[in-house]
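Below is one structure, written out as structure tokens, with a few remarks after it.
Computed from the coordinates by the stated procedures, all read-outs in this text should not be read as laboratory data. All values reported here derive from a predicted model rather than from experimental measurement. FYI the Cβ positions are ideal-geometry reconstructions off the backbone, even for glycines, and counts take in every protein chain you see.
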Amino acid sequence: MNKQTKDFLDYLKNERNYSDDTIKSYQYDIEKFFSYLFNESVLMDDVDLPIIRNFLTTEIQNGISKRSCKRRISSLSHFYHWMSKVGYVKDNPFELVSSIKTEKRLPDVLFEEQIDYLFKANSQRNDFLSVRDQAIIEVLFSSGIRVKELVNLNVQSLDLSRRELRVIGKGDKERIVLISVECKQAVTTYLKQVRPTLLAKAKIASPALFLNNRGNRLTTRGLEYILIEIQNKTGIEFGLHPHKFRHSFATYLLSQGADLVSIQKLLGHENLNATQIYTHISEESMKITYLNNHPRSKKNK
């Protein structure tokens, strides 16, 4: 890693409070571009529009999606903007690049009937970890928090009497999210019946709310594995993923009349534009409901 990249990543971490995962994405994109420049014998301050276009063409020919290319251009534009400000380069050539058009994909969601079926099927499991897993999926759907926000929860983050979770989101910003009555019951059962047994397995006691089978804090990978195991143990094939619960949470609130600003605050979105995608999902859900239930539409479905 060269000095410019290291200084930029330190800036993202220390001054912008970016998450470790976001910083890793920036590092990957920058190093990929510098590798291309090295192979083409181009210095970083000699980058111009034709070089950037050739880089994108090479990426696409190597099977990189337009969506990933768009992210790389965004990362590199930010990087070069910062370098121009601190004097590493004269200007930012990425400002000349037109935005890459990508197909807009609506986030995948679980319908209300699927959520009900999932909770019922998982509650009927007989293995020891089923109680923990039930609490996890209840929290994911009830609060809409991100996967990293969930694994970073501590017992002290929870206020069961008020049915609130204190969540540390992107940029170390704190927010309060609510949980349902069912979620409170599931978490209470987990804290009483399962967590003490898991905690006893650990060499050092963890403050984490959710523990793995060795008594340590869950990781994001571990949570993804748990969701796969829930499907394996229940026979349900819903393509479960932590973000699917988050999308479902927002879509359900919108369909029940919640306003976008409230949903934005609950999700921890900085920009309302990020929340507006759920209006499109709600419209698609409305169309499906119409086609499945209107007597004149069912004949031509």
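Can you give the longest run of the chain that contains no chymotrypsin sites (Phe, Trp or Tyr not before Pro) sitting in a DSSP loop with at most 15 other Cβ atoms inside 10 Å?
129-301
Looking at the square roots a ≥ b ≥ c of the eigenvalues of the Cα gyration tensor of the stretch 109-168, which shape do they give, rounded for a/c under 1.5, prolate if a/b is larger than b/c, or oblate?
prolate
Among residues other than A202 whose Cβ falls under 10 Å from its Cβ, what is the net charge (Lys/Arg +1, Asp/Glu -1)?
+4
Over all directions, the average projected area of the alpha-carbon convex hull for the stretch 3-96 comes to how many nm²?
Mean orientational projected area (the stretch 3-96, Cα hull): 5.9 nm².
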